[in-house]
Amino acid sequence: MDIVSHGLWGGVAFGRKSRKDYLLAFLFGIMPDMFSFGILFTTNLLGITVGPKYSNGRPDFASIPEYVSQLYDVTHSLVVFALVFAIVWYWRKKPFWPLAAWGLHILVDIPTHSLEFFATPFLWPFSNYRFDGINWGNPWIFFPNVALLVVAYSAWLIARLKKRKGK
Ligand SMILES: [Zn+2]
């Protein structure tokens, strides 16, 4: 899924308690892509690196540096996520819910990436199995996603307004 949707889904799913929680859930929602493609994007922006090259509207896989896919493995693994979530849970003695937006990012990515481009390595490092989904740029994914986001945020807003009225 695109990075903005990841942030918005993370926020609405796990950041409804407070403004701080929302911001954290949003950030954990975009983190897996920030710590892989985001680095390349930033170094490109700063003029340190060039590329990747584009062909057919998609970045050319061969021109993407190796470290991006290595970081992608780590940040898009449910195994790594579960481990970190469990450690934080143990350390705080209660779950830290905004962090769950990271896990949601991976779950959303599994069906919205095809084998053609960065399919989700969710079982890394135990297995290299990747699900062949439909790329999120496909209109059948993209527009229903926007519609679902509108529904989720409207429902949240209505619930908040009702709560305020009730007080
Ligand atoms: Zn991702």
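The values are calculated or read from the model by the stated rules, or taken from the named source; none is laboratory data. Only a predicted model underlies this, so the values are computations on that prediction, with no experimental measurement involved. Here the Cβ is made from the backbone with ideal geometry for all residues, glycine too, and neighbour counts use every protein chain on show. With ligands, DNA and RNA removed, areas are computed over all heavy atoms of the protein, side chains included. Shrake-Rupley method; radii C 1.70, N 1.55, O 1.52, S 1.80 Å.
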Among the residues in region 120-133, are any modelled with pLDDT under 95, of a type in the set (Lys, Arg), surrounded by 12 or more Cβ atoms within 10 Å (Cβ to Cβ) and out of contact with any helix residue (DSSP H, G or I) (no Cβ under 6 Å at 6 or more places or on another chain)? no
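Among the residues of region 134-143, what is the count of those that are under 17 Å from Leu104 (Cβ atoms) and open to solvent by 60 Å² or more (accessible area, probe 1.4 Å)?
Counting residues in region 134-143 that are under 17 Å from Leu104 (Cβ atoms) and open to solvent by 60 Å² or more (accessible area, probe 1.4 Å) gives 1.
The rows are residues; the columns are (1) of a type outside the set (A, V, I, L, M, F, W, C); (2) in a loop (DSSP other than H, G, I, E, B).
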residue	(1), (2)
Trp9	no, no
Asp33	yes, no
Gly38	yes, no
Ile48	no, yes
Ala62	no, no
Val68	no, no
Val79	no, no
Phe85	no, no
Pro95	yes, yes
Quick check, is Phe117 in contact with a Phe, Trp or Tyr (Cβ under 9 Å, 6 or more places away or on another chain) and at pLDDT below 95? yes
Tabulated pairs, region 1-30, first more than 11 Å from the ligand (Cβ to nearest atom) and open to solvent by 30 Å² or more (accessible area, probe 1.4 Å), second modelled with pLDDT under 95 and not acidic (Asp, Glu), C-beta under 8 angstrom, 6+ apart or interchain: Trp9/Met1
Hits in region 147-162 (condition: free of Cβ contacts under 8 Å to residues at least 24 places away in the same chain and open to solvent by less than 80 Å² (accessible area, probe 1.4 Å)): Ala147, Ser154, Ala155, Ala159
